[in-house]
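Scroll down for the structure; my scribbles are underneath it.
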Amino acid sequence: MIDYENLNLVNKPFEQQLKVAFEQFLDRGHYILGEEVRLFEEEFATYCGSKYCVGLASGLDALYLSLIALELPKGSEVLVPSNTYIATITSIINAGLMPVLVEPKIDTYNINPILIEEQITSKSKVIMVVHLYGKMCEMESILQIAKKNNLYVIEDCAQAHGATINGRKAGTFGTFGAYSFYPTKNLGALGDAGAIITDNEEYAIKLKALRNYGSHQKYYNQYIGINSRIDELQASFLRIKLKGLDQFNAYKTSLANLYFKQIKNPLLILPLKQASYIDSHHIFNIRCIYRDELKAFLLKNEIKSEIHYPVPPHQQVGYQSFFSKNYPISELIHQTTLSLPISNLMQQKDIEYVCRVLNNFEK
């Protein structure tokens, strides 16, 4: 059986280093906001090409606190892609703001810059882009729109660790870049963790207070904050894995290139390749109008796949009161998308086998 992912085996190469890090963590007896967090923040900011990094408890908190730091009027509108993962929408609602869904481009699955302008109103304050599946959005066009309309830009980089446009990494275009280090990410912790990168020193200082009950000094609270502190243990694990992130991404790219080269089935739509973009290939998604049958066919042939994501935000039961329109492009993507295995555990022969099975699928 070809697994979609196996985190135990993914982390196996780091086992001895992780055990040493845990022993050191235990011996120090300093578990919250210590030296490991400080060093990880420095190292991740440097890796991304950003001035500052603020470690947090999750990617959701990274999005939420990015919005809170801006101190926007309640009910302000945040333009966001209609096909994103629900966490992006949740962060906006939890911040007391209104998500305004914008359809993606069908070939990149990322927010369509042309449609952004059509949705801008006097209440619009933020464009929250999502670099879905590890492909970055059209940031030059989006930044021009933001500047023209005096809007902030926040990048959801949860799936784009190391992705670039013309050599510039995800998260460095907007005011904030919000990252998740959920265990399945290309840079994954062994639990929940997240971070915000920014070039703005004032915001970085403020975010460090917001993550810690709104406090710069213990028992003195300058802001209404939350508890969202990346812990020392996860920071130490992430420092270890960060050293190999580029190699990890390069290997996934080599697997993706095999898919691009060997999938020949006309029933399948492959991701878009763009010359100036380096995708992180967190997810290798294809589309097929017979998606469910294809998924079953793969499983019958001992290949596991996933669906990212089966239900779009506007159709989620808990979010019905926020959305009244239909979003046909998003719905089409959610109905047809299928994620193929692209784990670092896979070898060339595994990808070749998946491709042979895919090419044999017919309807």
* **Residue check for residue 273: of a type in the set (D, E, K, R), within 30 Å of residue 16 (Cα to Cα), out of contact with any Gly (no Cβ under 8 Å at 6 or more places or on another chain) and in the same structural domain as residue 344 (by TED's automatic domain parsing)** => no
* Selection count where residues are over 24 Å from residue 158 (Cβ atoms) and touching a residue at least 60 places away in the same chain (Cβ under 8 Å), scope the stretch 244-287 -> 7
* Could you check the stretch 3-53 for helices (runs of 4 or more DSSP H) lying wholly inside it with 1 or more residues that are hydroxyl-bearing (Ser, Thr, Tyr) and out of contact with any strand residue (DSSP E or B) (no Cβ under 7 Å at 6 or more places or on another chain)? => 35-48
* Structure fact -> Among 302, 293, 331, 362, the single one that is within 21 Å of residue 10 (Cα to Cα), of a type outside the set (A, V, I, L, M) and surrounded by fewer than 18 Cβ atoms within 10 Å (Cβ to Cβ) is 302
* Asked: From 64, 52, which residue is out of contact with any Phe, Trp or Tyr (no Cβ under 9 Å at 6 or more places or on another chain), buried (at least 18 other Cβ atoms within 10 Å of the Cβ) and of a type in the set (Ser, Thr, Tyr)?
  -> 64
* Answer yes or no as to whether residue 37 is touching a Leu at 6+ places or on another chain (Cβ under 7 Å) and surrounded by 18 or more Cβ atoms within 10 Å (Cβ to Cβ). => no
* If you scan the stretch 207-243, which residues turn out to be free of Cβ contacts under 8 Å to residues at least 40 places away in the same chain, surrounded by fewer than 19 Cβ atoms within 10 Å (Cβ to Cβ) and either part of a loop (DSSP other than H, G, I, E, B) or not small (Gly, Ala, Ser) (or both)? -> 213, 214, 216, 217, 218, 219, 220, 221, 222, 223, 224, 243
* Asked: In the stretch 107-159, how many residues are in contact with a Pro (Cβ under 8 Å, 6 or more places away or on another chain), among the β-branched types (Val, Ile, Thr) and assigned to a helix (DSSP H, G or I)?
  -> 2
* Pair list, Cβ < 6 Å and 6+ apart or interchain, from the stretch 82-106 residues that are surrounded by fewer than 19 Cβ atoms within 10 Å (Cβ to Cβ) to residues that are of a type in the set (A, V, I, L, M, F, W, C) -> 106/329
* Structure fact -> Apart from one, (1) farther than 27 Å from residue 82 by Cα; (2) in contact with a strand residue (DSSP E or B) (Cβ under 6 Å, 6 or more places away or on another chain) all hold for residue 351; the odd one out is (2)
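The values are calculated or read from the model by the stated rules, or taken from the named source; none is laboratory data. As the structure is a computational prediction, the values presented were derived from the model and not from experiment. For neighbour counting, all protein chains shown are included, and Cβ atoms are generated from backbone atoms with ideal geometry for every residue, glycine included.
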